[in-house]
Amino acid sequence: VLFVRAVVINERGEAVCSNAVAAPVAAAGEVIVRPTYMLVSTPDRELVRSRGAAVAAAGQVLGHQFVGVVEEASQGGAYGAKLLGKRVVGSITVACGVCDLCKGGLSHHCRVRTVVGLRGRSGCFAEKLAIPAANLLAVPEGVEDARAVFAYAISSAAHVSAAFRVEGKPYISVLGDGLMGLLSVQVMARLNARVRLLGKHEKKLLMCERWGIKHRLVGEVGRRLDQDVIVDCTGSATGLVDALGMVRPRGKVVLKRGPVDVGASAKESAGWLGGLVEREVELIGSRCGSLSEGLALLKDRLVQVEGLVARTVGLEDVPGVLMRERGEGGEVAVRT
Ligand SMILES: [Zn+2]
């Protein structure tokens, strides 16, 4: 058996960097990618910090946002062969292709899907990654690794615009100045100038200033029930409370991330849901989008990612990064 270096979950549910992880073997339709540049992201942290989920995922390699080079394509069919030696990015959901949802065109919601690095499938914080060729797209020339690594996140941000129609000039507020907020607000601002970011960190708001995008500190904004759409990228229960305090009656709230720190009592939750009913607010969940759309936005420089990465680490530093609180400094990138 060949071994590779990878960040893997051990039997105690801890993330560790090991030099003795069995090298992935390509199944039918899969190719072997050598990841070169990756991002540590919130779902990676959530998996490691949720003890139960981490123990259940023992043996799994972490990580799902990557740029890499296809090194071996003997199992990858004609398309895999075309990708051999190329720089690629990947979508992370691997669908079965035969369940009712797959057959109905909803393969992102496949009933038995696995997800690279997150659900039943090893990820990219490793020297080698096995992934279906069909999940990969070649990175266009001129899109360097440090930008291409954001393709997946940008495709998810772009998917927000599929959740509602932008008609006329609606007032849209994007809540949260983490990665998803900073990408979503750029995508939305291209569709409509009345878009603003509401955040908590001056440094992040300064990035919006540079991009020519309106921004405010969330604490300084009145709860006036006057926004047509709120895109909540905070992943916190208070984000949803803020959203419901700002959205107009019959308006829409798009949740980009499930509230992960719900500390609210059932009584409090019932209060928000009462407001949702009273004002007939539409609550919409939004997940992944089309990777080709994300790559196109990067290629045409329609979304800026310069300055989003605060520091770059090696694989051996990833377990520590996963366990630390996310700072306001920015994203952590990983180089093999
Ligand atoms: Zn399926």
query = What are the residues in the range 122-136 that are closer than 19 Å to Glu46 by Cα and open to solvent by 40 Å² or more (accessible area, probe 1.4 Å), if any?
reply = Ser122
task = With the checklist (1) open to solvent by 50 Å² or more (accessible area, probe 1.4 Å); (2) within 22 Å of Val334 (Cβ to Cβ); (3) more than 16 Å from the ligand (Cβ to nearest atom) in hand, flag the one item Arg119 doesn't pass.
result = (3)
ask   = Taking the range 71-91, which residues are in a loop (DSSP other than H, G, I, E, B) and open to solvent by 80 Å² or more (accessible area, probe 1.4 Å)?
value = Ser74, Gln75, Leu84, Lys86
key: Candidate set: the range 7-32, residues that are touching an Asp or Glu at 6+ places or on another chain (Cβ under 7 Å) and part of a strand (DSSP E or B); chosen: the one most open to solvent (accessible area, probe 1.4 Å)   = Cys17
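Within the range 225-242, identify whether any single residue is touching a helix residue (DSSP H, G or I) at 6+ places or on another chain (Cβ under 8 Å), open to solvent by 50 Å² or more (accessible area, probe 1.4 Å) and in a loop (DSSP other than H, G, I, E, B), and answer yes or no. Walk me through it before giving the result.
At the first step, the residues of the range 225-242 found to be touching a helix residue (DSSP H, G or I) at 6+ places or on another chain (Cβ under 8 Å) are 225-227, 230-235, 240-242.
Now drop any that are not open to solvent by 50 Å² or more (accessible area, probe 1.4 Å), which leaves 225-226, 241.
Now drop any that are not in a loop (DSSP other than H, G, I, E, B), which leaves 225-226.
Yes: one or more hits.
One line per residue, one yes/no per condition, for (1) in contact with a helix residue (DSSP H, G or I) (Cβ under 9 Å, 6 or more places away or on another chain); (2) under 16 Å from Met38 (Cβ atoms); (3) within 14 Å of the ligand (Cβ to nearest atom); (4) at pLDDT below 95:
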position	(1), (2), (3), (4)
Ala73	yes, no, no, no
Leu101	yes, no, yes, no
His108	yes, no, yes, yes
Thr114	no, no, yes, no
Glu127	yes, yes, no, no
Pro132	yes, no, yes, no
Val139	yes, yes, no, no
task = Answer yes or no as to whether Ala157 is over 17 Å from Glu293 (Cα atoms), more than 16 Å from the ligand (Cβ to nearest atom), of a type in the set (A, V, I, L, M) and surrounded by 15 or more Cβ atoms within 10 Å (Cβ to Cβ).
result = no
note = Every listed condition ((1) part of a loop (DSSP other than H, G, I, E, B); (2) over 13 Å from Leu175 (Cα atoms)) holds for Pro249 save (1)
query = Taking into account only those residues within the range 186-206 that are in contact with a His (Cβ under 8 Å, 6 or more places away or on another chain) and either within 15 Å of Val231 (Cα to Cα) or in a strand (DSSP E or B) (or both), which is most open to solvent (accessible area, probe 1.4 Å)?
reply = Arg196
task = Read through the list (1) under 15 Å from Ser290 (Cα atoms); (2) touching a Gly at 6+ places or on another chain (Cβ under 9 Å), then give the number of the only condition that Ala138 fails.
result = (2)
task = Scan the range 283-301 and give yes if some residue there is in contact (Cβ under 8 Å) with a residue 40 or more places away in the chain, charged (D, E, K, R) and closer than 24 Å to Val218 by Cβ, otherwise no.
result = yes
task = Scan the helices (runs of 4 or more DSSP H) fully inside the range 266-336 and keep the ones with 1 or more residues being open to solvent by less than 50 Å² (accessible area, probe 1.4 Å), at pLDDT below 95 and more than 24 Å from Val149 (Cα to Cα).
result = 266-278
inquiry  = Can you list residue pairs whose Cβ atoms sit under 8 Å apart, with the first residue in the range 75-97 being at negative phi and away from the ligand (no atom under 16 Å from the Cβ) and the second being open to solvent by 50 Å² or more (accessible area, probe 1.4 Å) and part of a helix (DSSP H, G or I)? Count only pairs 6 or more apart in sequence or on different chains.
reply    = Tyr79/Ala134
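The values are calculated or read from the model by the stated rules, or taken from the named source; none is laboratory data. Because the structure is a prediction, the values reported are computed rather than measured. Methodologically, a virtual Cβ is constructed for each residue, glycine included, from the backbone with ideal geometry; neighbour enumeration extends over all protein chains shown. Heavy atoms of the whole protein, side chains included, go into the accessibility calculation; ligands, DNA and RNA do not. Shrake-Rupley method; radii C 1.70, N 1.55, O 1.52, S 1.80 Å.
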